[in-house]
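The values are calculated or read from the model by the stated rules, or taken from the named source; none is laboratory data. Owing to the predicted nature of the structure, the values given are computational and were not obtained by experimental measurement. Cβ coordinates were reconstructed from backbone atoms using ideal geometry, including for glycine residues, and neighbour counts include every protein chain displayed.
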There are 2 protein chains.
Amino acid sequence: MALATSISSVFDQGSVKVKSFTIKTSDLSSPPTQLFIVAPVEENTYPVLLFCHGFCIDNTWYSQLLQHISSHGYIVVAPQFYHYMLISPTKETEIAAKVTDWLSTGLSQVLKEKVKPDLTKLALSGHSRGGKVAFALALGHAPTSLKFSAILGIDPVDGQSPSNRAQPKILTYVPRTLDLEIPIGIIGTGLGDQSTGIIPPFAPDGVNHAEFFNESKPPSCYFLAKEYGHCDMLDESKASLASWACKSGKGSKEDMRRAVGGIVVAFLNDYLGGESKDLEAIFEKPSTAPIVLDPVISVKE
Amino acid sequence: MALATSISSVFDQGSVKVKSFTIKTSDLSSPPTQLFIVAPVEENTYPVLLFCHGFCIDNTWYSQLLQHISSHGYIVVAPQFYHYMLISPTKETEIAAKVTDWLSTGLSQVLKEKVKPDLTKLALSGHSRGGKVAFALALGHAPTSLKFSAILGIDPVDGQSPSNRAQPKILTYVPRTLDLEIPIGIIGTGLGDQSTGIIPPFAPDGVNHAEFFNESKPPSCYFLAKEYGHCDMLDESKASLASWACKSGKGSKEDMRRAVGGIVVAFLNDYLGGESKDLEAIFEKPSTAPIVLDPVISVKE
């Protein structure tokens, strides 16, 4: 049975032991805002992912997803942009930039002694409005001292409609104008543009994943979680909580988190780790994922 | 100077002499609606383009554009869907289907004796809401007895906003879902999403060329007439007339018509004529066009 155990999948938990913890602004490392961090505990040097939470969502509500990613050998830093009092995406982007700068000085201080971040391998992700913030940061709407090597939007949303979007507007409504010179990945949800009937949909047509992908300059890739909703990748209890307002898929939320986590890991393995086989495997056979991914699109040039 | 004269461009008038004429429903050939036809007069067999006019626009208002296309060896048939009294896109699609069926029996009757249509080489195009109708027809919203080999939308528009679109809705807000199994071309205008301040824009973000391209299954291609407006390919006098309500480019409208006409010809040469060099030349060097085309995108698979 040696063969079976040696086949690991990005859709399963990785083999690296991880620890989750929160760093307050009062910490000696002086982070610009509270941070939720998930990091390996084993001695090694790891690439880093900066993750931006969505509208009215706490950074800790993604703990299961971020643990999945980290267990494949990544340090994940998720800033909390606000508590209770909403701020503008412009302000969120400024905070995200400050957190990025903090990584160089602060991150090593808060990790276990022999766990080292490799900041030459830094990627960016975000969910919902956090996807907008991630793109705003990558596009330079707030300056950073570090460079990102790849960006992955998880059901990113640029506003309420094409004509009603907060600054900074990301979408231009011209294909391939998001010219970031880094690989772009987009994960969409098939139910994100649907309403529960209580409030409007969270990821309306025209400002959601489809247009973000349309405007992504290759190399770019796209994955639609066809039967899931906008908040279905949150922690189990939070996804249930969100489902009153946010259309939710009928399938297992754990499968959704594994699918999203697996795509993120495969994407990072390729563009931070230089190992393309996991991502290529998803392009070739989307059915290896625990949920329906349809369509899956890869644009190389 | 033999070399210079031998270089012909799709952006120039072609060498084929053409004639424009209107066929009324009272004609012996019994067309389902009034038709504006532009056809070569020289003896030969020619591929056919069915062209659907835009919202509140007469089929004859495209005479210069359609003459340009026809002069490269194509028969163009442009039905008039309504006069004065607007009808629904569903109804327009039904009429377009009837006109398609009429081509087999009626078209030869109205052409000069030795001018023959080759209905095995039939393409579809449309401007503005006529682009929506063209896609509706290709998608089978009304059945036809003939098959289309390619479709090209000229600043197509699916409605007023993603959430406000008349039936049949074409866009799905999922990339590459317009699975027509035929090549798709999209020409957009850079100013189509802008308003003159009098009425809303004719081709608003989220329902225009960008999303049509995003949803086109390859092979697909995209051309943005960056500095021109939604009605700038109409006949000279009509483009001026339209400019009160429809944001217009500052450049020469003749150049715009030549650019759009040239793209249509290159597209038809490739997908009806089997000669790809003209289209490839535009992909390779968009600056050969008489106007700024930016971006130009070709997706092969």
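Listed values, structure above:
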read-out	value
Options B:Glu275, B:Glu301: the member that is of a type in the set (Asp, Glu) and within 14 Å of another protein chain (Cβ to nearest Cβ)	B:Glu301
Filter result for the condition that a residue is over 27 Å from B:Ser240 (Cα atoms), touching a Leu at 6+ places or on another chain (Cβ under 8 Å) and at pLDDT 95 or above, over B:Thr45, B:Thr25, B:Thr100, B:Thr33	B:Thr100
Tally, over the stretch B:230-255, of residues that are closer than 24 Å to B:Ser9 by Cβ and out of contact with any helix residue (DSSP H, G or I) (no Cβ under 8 Å at 6 or more places or on another chain)	4
So B:Phe55, is it of a type in the set (Phe, Trp, Tyr), over 13 Å from the mean Cα position of the chain (by Cα) and at pLDDT 95 or above	no
Only one of B:Thr177, B:Thr105, B:Thr189, B:Thr172 that is modelled with pLDDT of 95 or more, under 17 Å from the mean Cα position of the chain (by Cα) and among the hydroxyl-bearing types (Ser, Thr, Tyr)	B:Thr189
Criterion: under 21 Å from B:Leu65 (Cα atoms) and of a type outside the set (Phe, Trp, Tyr) - qualifying residue of B:Leu119, B:Leu107, B:Leu139, B:Leu146	B:Leu107
